[in-house]
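In what follows, a single structure is set out as C-alpha cells and then discussed.
The values are calculated or read from the model by the stated rules, or taken from the named source; none is laboratory data. All of these numbers come straight from a predicted model, not from anything done at the bench. No Cβ is skipped: glycine too gets one built from the backbone with ideal geometry, and neighbour counts run over all protein chains shown. Calculation scope for accessible area: heavy atoms of the full protein, side chains included, ligands and nucleic acids excluded. Shrake-Rupley method; radii C 1.70, N 1.55, O 1.52, S 1.80 Å.
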Amino acid sequence: MLYSKKEQKQFLSIFAMGCLLPINGLTNEELSPVNIISQTPLHGVGIERDKVPSNVGTAYDKDISEQQSLDLTEFMNQRFGSVFINSAQNNPLQPDVQYRGFVASPLLGQPQGMSVYMDGVRINEPFGDNVSWALIPESAIADMNLMAGSNPLFGLNTLGGALSVKTKNGLTHPGTQGEIQAGSFGRKSAQIETGGEKDKLNYFLTGSWFDEDGWRDFSPSETKQLFGNLGWSTPDSSIDLSLSIADTYLIGNGAVPEELLEEKRESIFTRPDLTENKLGQLRLGGTHNIGESIVIEGLAYFRQSDIQSLNGDDSDFEACKDAENAGFVCESESDEEELALDQDGSPIAATDEVEGATINRSNTEQETLGFSLQSAFLNDLSGKENQFILGIAVDRSEVNFDSSTELGSLDETRQAVSSGLFVEEAFTEVDTESQNLSFYFTDTWSASENMALTLSGRYNKTDIELKDRLGTELNGDHDFSRFNPAAGITYSLSPSLNTYVGYSESNRAPTAMELTCADPDDPCRLPNSFVADPPLEQVVAQTMEAGLRGNTKSFQWSAGLFQTVNKDDIIFISAGEATNQGFFDNIGETQRRGLELELKGHTINNRLNWFANFTHLQARFEENLKLSSPNSPFAVNGEVTVNPGDRLPGLPENSFKAGASYSITPKLSIGGNLQYTSDIVLRGDEGNLDSPVDGYTLVNLHGEYAATKQLKFFAKINNAFNKEYENFGVYGEADEVLGNEDNDQDNKPAEEGSRFLSPGAPFGAWIGLKYDF
C-alpha cells in the first residue's frame, strides 16, 4: 500500500463527518427544483441529476454574470471545487485548468486529461488535445456541466472529467444588452448581445472585445469574438445553425527566475512569448421527436483553428570551444561539440548577433470535419422508467505544422533580437491526418422509485498518420482502439438524500504532437522542433467514486470520494536548459484520489446566496522511476529518483473556496469569495526533494448597483489584500541570460539559481456598466 492505515482512516473519517453533519433537519423541508443533466455532449436529452452516479457541477450565465468573471476559467477557479488554475504562461486568458489533478491547457507541453465541448462539438485541438480557452465566447454561454470521472460517453481524453458548455439562443435569451468595463492593467472590454424570436424562427448574436497592457512588463493582449445562432423550432423538431469566430493576440511571458522575481514581481525572463489564434467554426444541429418515446439528435460541424507562436528564449547555442571549430557556433546541449549550420548548410560564425537567444516560431493550421448522431428511446422497461441512448461520432482532422529556430541576441529588455540566421536541423514541416470513430450507448433504468441503475460504454478507434515534408524521419502511422465501460447506481434514502456509486473507464490516444516528441535523446523545445517518433502507449484511466448528496428548497450539499488510476500515463519530462524543453514518455501508473465536500444555499427571499467547497487531493506516482531533470540541483547524472507515493508536480493537496452575495437593497448588492490553495511541487522535482511552492489565500470582491431597470453599474476587485503568491514552478537555467555564467552552480544552495516561478496577479480593480435596451 502506498498510504498508511492511519492516512486511510483519517481520509475516511473526514468523509464520514462531511456526510453526517448536514443530514439532520433536511427531510422536512421542501425540495429544490430538479436539475437536468445531459449524459452526452449532445444536449437534446437530459436526466435528473440524482440519477447520475457521479459528481456533477452546474452553473448558468447568471452565475458567471453575478461573479463578474473575466471568462469561463476564472469563474470555475473561484467557484468550483477540485478546480485549480496555474499561471504557467502568466496570461489571464491562457491558464492551465486542473480538475481532480487532470489538466486542460491551451499550450503544447501538457498531457491533456479533460475533454471540452461547446454545443456538442469537441473543441480540444486535434494536434495536441490542448484547449484554447480564449476562443470560448463568455457572453454566449447559457449553462455548463462539469462532469467528474472517466465518463466514456464524452470520448477521448476524458481521463478526469469533461466540461460541456451550452450556448444561448433567441428562445432562452431574448432581448438586447451591452456591457463595458475598464480598470487595472490597462484592461478594457466591451460586449453586446441580442436575441429574439418570431413565429418559428429565433436568433441570437453576441460580440466581445478585450484589450489590456498586462500587469507584467511587455505583456499586452487583445481578443475579438463573434458568435451567432439562427434557429427554427416546432413542438416536435428544431434546427439551429451557429457560427463562432475569434481572433486573439496573447502575450504570456511565463515563469521567472526566483531571484529576479524577488527584485521586481513585474519582471520577465525573456520575450516575447506570443500566441495568435484564429478560429472559424460552423455548426448545424437538430432534434426530432418521434412520438413521445423516441428523440433523434444530430450535428455536423466544420472547425478551422490556426495557431501561430513566436517565442524569444534563451539559447542552447554558444561559441565553439574546440580549436578546430574556433570562431563558429556550436550546440551546447550536445554531448560532443557539434557545429550549428544555417539554412544554407554553412557553419554560423560566432558573433554578438547570434549569442544568447533563440527565436522559435511555429505555425499550426488545423481543420476538423465532424458528425454525430444519437437516438434516445424513452420506453419503459419491465414497467419501470427507462432511458436508452445509442450514438455514433465521427471526425477527421488535417493539420499542417511547421516550425523554425533562429539565432539571436538579447537586448537590455531581454527581448530576442533577430539575426536572420536559422538553424538548419531545427526546421520542421509535418502534416498529420487523424480520424476518430466512436460508437456509444448508455441506459439508465429506474429499478424502483428510489433506485436507478446506469450502464454505459463507448468504443473509440483512432488513426493518426504523420507525413514529414522535409524527409522521412517523422513519417509514421499509428492506430489505437479501445472499448471503455461504465456502470453505476444511485439510491434515494429519502426525498432529500441521495447516494451514488460509480465506476468508469476512458482512454486517451497519444496526440500527433506527443508522438513526434518522445525521444529522451533528442528533446523538443515546445512548441517547435520535433524528432522521430518512438511509439507511445495510449493512456487508460479507471475511476471509482461514491458519495452522498442532499437538497432542500434553500440548501444543497454533497460529499464524495474518488480514485482515478492512470495506466501508461504520459507526462512531459524536462530535459535541456530551457524551461519548455523536454519529451513525452509513458511512466506507468499514477493515481489521483480525493475527497470533495460542497455546500451551497440561499435564504428564502434570495437576498443571500452562498457556497463553500473543500477538496483534498492525493496525486501520486505509483512506480519506481528515474526521470530526466538536468536543471534540478538534486539531480544525479541529470536524473531524479521517483518513488511510489511521491506527489505529482503542480497540484495542491488541499483547496478551500467560499463565497457569498447579499442584496442590501433591491438595487444594491455586494459579494465576495475566498480561495485557499496549499503548496505545490515544482515540475522537474518529481522526486519531491526540493521545498515546494508556498500555498496562498486570496480574497475577491464584487458589487452591483441598479440605477434604473435598464442601467446597472458594477465594480470588481481581485486579490483585495494584494497577496504576493506563485502558483507554478519549474527548473531552468538562468545564469547566462542574467549574466551569472561565471558563478559556481555546485556551491549554490538548492533553492537558488534554478527555480523558475510564475507569479500570480496583484491587486486589480475594475468598474463598468450594463444596459438593457
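Of these, THR428, THR405, THR442, which one is touching a residue at least 12 places away in the same chain (Cβ under 8 Å), over 24 Å from the mean Cα position of the chain (by Cα), farther than 30 Å from PRO272 by Cα and open to solvent by less than 30 Å² (accessible area, probe 1.4 Å)?
Details: THR428 fails: farther than 30 Å from PRO272 by Cα; THR405 fails: farther than 30 Å from PRO272 by Cα.
Every option except THR442 fails the conditions.
Among the residues of the range 478-487, what is the count of those that are surrounded by fewer than 17 Cβ atoms within 10 Å (Cβ to Cβ) and closer than 12 Å to GLU545 by Cα? Give the steps one after another, and end with the answer.
To start, the set of residues in the range 478-487 that are surrounded by fewer than 17 Cβ atoms within 10 Å (Cβ to Cβ) comprises 479, 481, 483, 485, 487.
Applying the additional criterion that residues be closer than 12 Å to GLU545 by Cα yields 487.
Adding up the residues that qualify gives 1.
Taking the range 331-380, which residues are surrounded by 15 or more Cβ atoms within 10 Å (Cβ to Cβ) and aliphatic (A, V, I, L, M)?
Answer for the range 331-380, where residues must be surrounded by 15 or more Cβ atoms within 10 Å (Cβ to Cβ) and aliphatic (A, V, I, L, M): LEU339, ALA340, LEU341, ILE348, ALA350, VAL354, ALA357, ILE359, LEU373, ALA376, LEU378.
Restricting the search to the range 33-75, which residues are of a type in the set (S, T, N, Q), surrounded by fewer than 20 Cβ atoms within 10 Å (Cβ to Cβ) and part of a helix (DSSP H, G or I)?
Passing the criteria: only SER65.
Does ASP247 qualify as being modelled with pLDDT of 95 or more, part of a strand (DSSP E or B), open to solvent by 30 Å² or more (accessible area, probe 1.4 Å) and within 25 Å of SER309 (Cβ to Cβ)?
The answer is yes for ASP247.
Looking only at the range 400-415, how many residues end up being at pLDDT 95 or above and aliphatic (A, V, I, L, M)?
Of the residues in that region, 1 qualify.
Anything in the range 348-363 that is of a type in the set (Val, Ile, Thr) and part of a loop (DSSP other than H, G, I, E, B)? List them, or say none.
Just the residues of the range 348-363 that are of a type in the set (Val, Ile, Thr), to begin with: 348, 351, 354, 358-359.
Within the range 348-363, ILE348, THR351 meet the criteria.
Scan the range 686-698 and report the pairs whose first residue is farther than 19 Å from TYR676 by Cα and whose second residue is polar (S, T, N, Q) and part of a strand (DSSP E or B), with Cβ atoms within less than 6 Å and a gap of 6+ or a chain change.
Cβ pairs passing all conditions: GLY687/THR641.
In the set THR511, THR490, THR552, which member is open to solvent by less than 10 Å² (accessible area, probe 1.4 Å) and modelled with pLDDT under 85?
Values: THR490 fails: modelled with pLDDT under 85; THR552 fails: modelled with pLDDT under 85.
That would be THR511, the only listed residue that is open to solvent by less than 10 Å² (accessible area, probe 1.4 Å) and modelled with pLDDT under 85.
If a residue must be within 18 Å of THR275 (Cα to Cα), crowded, with 24+ Cβ neighbours inside 10 Å and without any contact (Cβ under 8 Å) to a residue 60 or more places away in the chain, how many such residues does the range 98-126 contain?
Total meeting the criteria: 2.
Among strands (runs of 3 or more DSSP E) lying entirely in the range 102-197, which contain 3 or more residues that are more than 25 Å from LEU437 (Cα to Cα)?
141-148, 175-183
Considering only residues that are among the polar types (S, T, N, Q) and outside any helix (DSSP H, G or I), which ones fall in the range 76-88?
Going through the range 76-88, the residues among the polar types (S, T, N, Q) turn out to be 77-78, 82, 86-87.
Listed by number, the residues that qualify are SER82, ASN86, SER87.
Any chance you could count how many residues in the range 632-681 are in contact with a Pro (Cβ under 7 Å, 6 or more places away or on another chain) and either modelled with pLDDT under 95 or open to solvent by 20 Å² or more (accessible area, probe 1.4 Å) (or both)?
Narrowing the range 632-681 to residues in contact with a Pro (Cβ under 7 Å, 6 or more places away or on another chain): 638, 677-681.
Imposing the further condition that a residue be either modelled with pLDDT under 95 or open to solvent by 20 Å² or more (accessible area, probe 1.4 Å) (or both) reduces the set to 638, 679.
Here the count works out to 2.
Take THR287 and decide whether it is open to solvent by less than 20 Å² (accessible area, probe 1.4 Å) and polar (S, T, N, Q). Walk me through how you get there before you give the answer.
Working: open to solvent by less than 20 Å² (accessible area, probe 1.4 Å): no; polar (S, T, N, Q): yes.
It is false that THR287 is open to solvent by less than 20 Å² (accessible area, probe 1.4 Å) and polar (S, T, N, Q).
How many residues does the range 534-548 contain that are touching a Leu at 6+ places or on another chain (Cβ under 8 Å) and part of a strand (DSSP E or B)? Spell out how you get there, then give the answer.
From the range 534-548, those touching a Leu at 6+ places or on another chain (Cβ under 8 Å) are 535-536, 539, 541, 545-548; that's our starting set.
Checking which are part of a strand (DSSP E or B) leaves us with 539, 541, 545-548.
Of the residues in the range 534-548, 6 are touching a Leu at 6+ places or on another chain (Cβ under 8 Å) and part of a strand (DSSP E or B).
Against the condition open to solvent by 60 Å² or more (accessible area, probe 1.4 Å), basic (Lys, Arg) and within 26 Å of PHE84 (Cβ to Cβ), how does LYS723 come out, does it pass? Spell out how you get there, then give the answer.
Values: open to solvent by 60 Å² or more (accessible area, probe 1.4 Å): yes; basic (Lys, Arg): yes; within 26 Å of PHE84 (Cβ to Cβ): yes.
So LYS723 passes the test.
Do we have VAL295 as modelled with pLDDT of 90 or more and more than 23 Å from the chain's Cα centre (by Cα) here?
Values: modelled with pLDDT of 90 or more: yes; more than 23 Å from the chain's Cα centre (by Cα): yes.
For VAL295, the condition - modelled with pLDDT of 90 or more and more than 23 Å from the chain's Cα centre (by Cα) - is met.
Any chance you could count how many residues in the range 603-617 are closer than 18 Å to THR665 by Cβ and either in a strand (DSSP E or B) or β-branched (Val, Ile, Thr) (or both)? Don't jump to the end; show me each part of the working.
Here is the first cut: in the range 603-617, the ones closer than 18 Å to THR665 by Cβ are 603-609.
The next check asks that each one be either in a strand (DSSP E or B) or β-branched (Val, Ile, Thr) (or both); those that pass are 603-604, 608-609.
Looking only at that region, the number is 4.
Can you say whether LEU163 is out of contact with any Gly (no Cβ under 6 Å at 6 or more places or on another chain) and open to solvent by 20 Å² or more (accessible area, probe 1.4 Å), as far as the supplied structure shows?
Details: out of contact with any Gly (no Cβ under 6 Å at 6 or more places or on another chain): yes; open to solvent by 20 Å² or more (accessible area, probe 1.4 Å): no.
No: the conditions fail for LEU163.
Of the residues that make up the range 67-79, is at least one more than 30 Å from ASP211 (Cβ to Cβ) and in contact with a Leu (Cβ under 8 Å, 6 or more places away or on another chain)? Give the steps one after another, and end with the answer.
Start the filter on the range 67-79 by keeping residues that are more than 30 Å from ASP211 (Cβ to Cβ), which leaves none.
Within the range 67-79, none of the residues are more than 30 Å from ASP211 (Cβ to Cβ) and in contact with a Leu (Cβ under 8 Å, 6 or more places away or on another chain).
Examine the range 408-422 for a residue that is under 30 Å from PRO510 (Cβ atoms) and open to solvent by less than 40 Å² (accessible area, probe 1.4 Å), and state whether such a residue exists. Show your work before the answer.
Residues of the range 408-422 under 30 Å from PRO510 (Cβ atoms): 422.
Narrowing further to those that are open to solvent by less than 40 Å² (accessible area, probe 1.4 Å): none.
The answer is no; no qualifying residue exists.
For the list (1) over 30 Å from GLY254 (Cβ atoms); (2) of a type in the set (A, V, I, L, M, F, W, C); (3) modelled with pLDDT under 95, I need the number of the one condition that PHE302 fails.
With respect to (1) over 30 Å from GLY254 (Cβ atoms); (2) of a type in the set (A, V, I, L, M, F, W, C); (3) modelled with pLDDT under 95, PHE302 is out only on (3).
Please specify each residue of the range 725-743 satisfying the condition of being modelled with pLDDT of 60 or more and part of a loop (DSSP other than H, G, I, E, B). Steps first, please.
First pass over the range 725-743, keeping only residues modelled with pLDDT of 60 or more: 725-739.
Matches in the range 725-743: TYR725, GLY732, GLU733, ALA734, GLY739.
Answer yes or no: is there a residue in the range 272-288 that is outside any strand (DSSP E or B), of a type in the set (S, T, N, Q) and either touching a residue at least 12 places away in the same chain (Cβ under 8 Å) or touching a helix residue (DSSP H, G or I) at 6+ places or on another chain (Cβ under 6 Å) (or both).
First pass over the range 272-288, keeping only residues outside any strand (DSSP E or B): 272.
Subsequent filtering for residues that are of a type in the set (S, T, N, Q) retains none.
No, the range 272-288 has no match at all.
Could you please give the count of residues in the range 156-184 that are of a type outside the set (D, E, K, R) and over 24 Å from the mean Cα position of the chain (by Cα)? Before the answer, list the steps.
Of the range 156-184, the ones of a type outside the set (D, E, K, R) are 156-165, 167, 169-178, 180-184.
With the extra rule that they be over 24 Å from the mean Cα position of the chain (by Cα), the set shrinks to 169-178, 180-184.
So the count comes out to 15.
Open to solvent by 30 Å² or more (accessible area, probe 1.4 Å), in contact (Cβ under 8 Å) with a residue 60 or more places away in the chain, out of contact with any Asp or Glu (no Cβ under 6 Å at 6 or more places or on another chain) and not in a helix (DSSP H, G or I): is that true of GLU292 in this structure? Please lay out each step first, then the result.
Working: open to solvent by 30 Å² or more (accessible area, probe 1.4 Å): yes; in contact (Cβ under 8 Å) with a residue 60 or more places away in the chain: yes; out of contact with any Asp or Glu (no Cβ under 6 Å at 6 or more places or on another chain): yes; not in a helix (DSSP H, G or I): yes.
It is true that GLU292 is open to solvent by 30 Å² or more (accessible area, probe 1.4 Å), in contact (Cβ under 8 Å) with a residue 60 or more places away in the chain, out of contact with any Asp or Glu (no Cβ under 6 Å at 6 or more places or on another chain) and not in a helix (DSSP H, G or I).
Among the residues of the range 493-506, how many are open to solvent by 10 Å² or more (accessible area, probe 1.4 Å) and either more than 25 Å from SER115 (Cα to Cα) or touching a Cys at 6+ places or on another chain (Cβ under 8 Å) (or both)?
Number of matching residues: 5.
Using beta carbons and a limit of 8 Å, which pairs, at least six apart or on different chains, have the first residue in the range 370-387 and basic (Lys, Arg) and the second one part of a loop (DSSP other than H, G, I, E, B)?
LYS384/SER446; LYS384/ALA447; LYS384/SER448
Which of the residues spanning the range 691-712 are farther than 29 Å from TYR731 by Cα and either modelled with pLDDT under 95 or open to solvent by 70 Å² or more (accessible area, probe 1.4 Å) (or both)? Working first, answer last.
From the range 691-712, those farther than 29 Å from TYR731 by Cα are 699-712; that's our starting set.
LEU701, TYR705, THR708, LYS709, GLN710 - these are the residues of the range 691-712 that are farther than 29 Å from TYR731 by Cα and either modelled with pLDDT under 95 or open to solvent by 70 Å² or more (accessible area, probe 1.4 Å) (or both).
Could you please tell me which pairs satisfy a Cβ distance under 6 Å, a separation of 6+ or placement on different chains, a first residue in the range 347-366 that is at positive phi, and a second residue that is of a type in the set (S, T, N, Q) and open to solvent by less than 30 Å² (accessible area, probe 1.4 Å)?
Close Cβ pairs (under 6 Å, with a partner that is of a type in the set (S, T, N, Q) and open to solvent by less than 30 Å² (accessible area, probe 1.4 Å)) amount to GLY356/SER315; GLY356/SER409.
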